[in-house]
1. Which value, in debye to the nearest 20, describes the size of the charge dipole of the stretch 21-453 about its Cα centre when Lys and Arg Cβ atoms bear +1, Asp and Glu Cβ atoms bear -1, and nothing else is charged?
2. Longest segment of the chain with no trypsin sites (Lys or Arg not before Pro) in a DSSP loop having at most 13 other Cβ atoms within 10 Å?
3. Once every DSSP H run of n ≥ 4 in the chain is given -39500 (n - 2.57) and the sum is divided by its residues, what mean residue ellipticity at 222 nm do you get, rounded to the nearest 500 deg cm²/dmol?
4. Any chance you could run the full-extension gain for Phe345 through Asp240? It's 0.36 nm times the residue separation minus the Cα-Cα distance, nm to one decimal.
5. Based on other C-beta atoms within 10 Å, arrange Glu290, Glu381 from fewest to most.
6. At 0.36 nm per residue, and after removing the present C-alpha to C-alpha distance, how many nm does the segment from Arg450 to Ala202 gain when stretched out fully?
7. Hydropathy at least -0.5 by Kyte-Doolittle, axial extent at least 24 angstrom from the Cα trace: which helices of the chain, defined as entire DSSP H runs, fit?
8. Taking 30 Å as R0, compute the FRET efficiency from the Cβ-Cβ separation of Leu27 and Arg318 and round it to 0.05.
Amino acid sequence: MRRSVTERRARRDIDMTQGPIAGPMLLFILPLIGGSLFQLLYNTVDFLFVGNFLDKTAAAAVGASSTLINCIVGLFSGISVGLSVVAAQAIGAGDETRASRALHTAVTFGLIGGCVLLTGGLIAAPSVLRLLNTPESVLPQAVTYIRIYLLSIPMVVFYNMVSGGMRAYGDSRTPFTVLLICGLLNVVFDAFFIVVIPLGVAGVAIATSMTQTLSAVLVGYFASRPQARIRLSVRKLRADRRLLGQILRIGLPTGVQTIIITLSNVMVQYYINSFGDTAVAAFATYYKVENLNYMPIMAFGQAATAFAGQNTGARRFRRLRRGTILTAVMGAAVVFVISHVILLFPETVFGWFMKDEAVAAGAASLAAVSFPWYFVYPLLEVFGGAIRGMGYSLLSMVTVILNMCVVRIALLAAFSAKFGTMQSLAAVYPITWASASAMFILLFAVIIRRRIRSGGGAE
């Protein structure tokens, strides 16, 4: 017998405002982790094929492009967080009509913005890469990679908006399914465009653009089916000014925060670039392996945001506090295990990404400095995500700018002048993770205490 639409919804959607916390949170987080890891396949598999079938110049080109791509995508990823928060709070309050209007408003705005980014990025890519001190030997291939990648930017934005709406009502399984399919296809396409049809850097960019476009088509299909709790409809695509203002008020600071973190990495890239091609490739290799830690951290942060959004809408702040602390502890434990497993087998893990032994050794030396402290990073993302989920996105942005930009850049300049090594630059990361985490925990404690005192103490 066929299940009803309501029953099928219930199997995917997770109500975070009542019942046990740990079990439902794990059910929500696990697909997010899986989805994040398969999303990581897009650029990582590009790098794997480039590092093993091409040369270190091509690898450096893909690595140098990643920073700029992260800036471009980061802004609209932040806006999708704004959508998640507004929609989750509406769902927690029982207002699904408002949640639907928020989804269609965000998708409309995102598609228009994605097209603007596509046009501007195609024109400005060479100039921006030069500003980032990209070596001339790397520049032509980096421009080729990023221009082809940009062709899929409107679809990347669309995917982030729609999946953000799904996360708001507790559906993390559908985006995971889409990323699983497209991540595996990306491996096949990379192999085809590098091994069968040797197009080099252009080939991996084509493969990534194709699969990211497909991921947007698939998530749009799932979101438009009758069983989708917030159903996407082309006829409803319009911008509600009031809701767009609320989404941007939360999302823009989050997007700026993402860009600030990326730009602080740009400053690291700037200093690394002065060490030459081998160092650039080593940093790019380190960054790809680092993502094995960071993607699960993002999943815990997204879970904390959705959990905080729903419970803020339902005014269950004691439950919000307990769930956030539990999520932070789980995140720290998971990342501690992952980072230390990598440190046990650095030659093997970094060797997967780069056949050049000097490059792999340089990347491993960077990890030896920062990875032992990576378990601190989930605290930053979880408590920061909870603060954003409660609607205090501006506070989150200020905290990130202060620690991940001002403090980090000052330390980069000081360490570069005093020590002048790649390893000293890597030491800046854990210091700023710790300072930002401490501020987020303090802010969360103050905010949640006030909300409970104001009458939101229900479990």
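Computed from the coordinates by the stated procedures, all read-outs in this text should not be read as laboratory data. This is a predicted model, so every value here is computed, not measured. For neighbour counting, all protein chains shown are included, and Cβ atoms are generated from backbone atoms with ideal geometry for every residue, glycine included.
1. Once rounded to the nearest 20, the dipole reads 2360 debye.
2. Value returned for the longest uninterrupted segment is 4-237.
3. On the way: 18 runs with 367 residues, N = 459.
Mean residue ellipticity, 222 nm, calculated: -27500 deg cm²/dmol.
4. That works out to 32.6 nm of additional length.
5. So the ranking, lowest neighbour count to highest, is Glu290, Glu381.
6. Details: separation 248, 0.36 × 248 = 89.28 nm, distance 5.36 nm.
Taking 0.36 nm per residue and subtracting the Cα distance, the gain is 83.9 nm.
7. On the way: long enough: 22-53 (43 Å, 1.37); 56-92 (50 Å, 1.40); 96-131 (47 Å, 0.95); 173-191 (28 Å, 1.44); 201-224 (35 Å, 1.35); 241-273 (44 Å, 0.64); 277-313 (51 Å, 0.19); 317-344 (40 Å, 1.37); 428-453 (38 Å, 1.12).
Helices passing the filter in the chain: 22-53, 56-92, 96-131, 173-191, 201-224, 241-273, 277-313, 317-344, 428-453.
8. That gives a FRET efficiency of 0.85.
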